[in-house]
Amino acid sequence: MANKSRRDFMRNSMLGLAALPLGAGILSKTAFAQELPRLDPSASNAQALNYVEDASEASDHPAYEEGERCDNCMFFNADTEGCQLFPENSVAPAGWCQSWTAQA
């Protein structure tokens with residue numbers, strides 16, 4: 001009986017160790033999402049690309065087309081609400097900037 005318990009312990013330990021990288025990846029993505037401060041629309045890099053937190057505020061911009069939002073842009077990362085154009089910040093999913101590009 002003791003051998004069966006030892007085998008169960010070893011098997012469960014190996015399964016736990018195998019799952020550890022997966023769990024760490026999930027936790028690090030969550031932690032990273034919480035670390036990104038929201039982009040301030042008045043920041044110089046945001047103003048350079050005419051970033052707004054609500055896409056409807058860009059309706060008078062010549063590059064804006066109805067339906068364009070950060071959350072359907074190829075530069076947007078849904079996991080972190082980050083943007084490749086503003087790597088130090090998260091952006092509003094409903095936001096917009098003049099570099100909006102359709103997802104492939």
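The values are calculated or read from the model by the stated rules, or taken from the named source; none is laboratory data. Worth saying up front: this structure is predicted, and the values here are computed from it rather than measured. All Cβ positions, glycine included, derive from the backbone under ideal geometry; neighbour counts span all protein chains shown. Surface accessibility is based on the protein's heavy atoms, side chains included, excluding ligands, DNA and RNA. Shrake-Rupley method; radii C 1.70, N 1.55, O 1.52, S 1.80 Å.
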In the range 51-104, the residues that are loosely packed, with under 15 Cβ neighbours inside 10 Å and touching a Lys or Arg at 6+ places or on another chain (Cβ under 6 Å)
Asp79, Ala94
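Applying the selection to the range 28-49, what residues are at pLDDT 95 or above and open to solvent by 60 Å² or more (accessible area, probe 1.4 Å)?
Passing the criteria: Pro37, Arg38, Asp40, Ser42, Ser44, Asn45, Gln47, Ala48.
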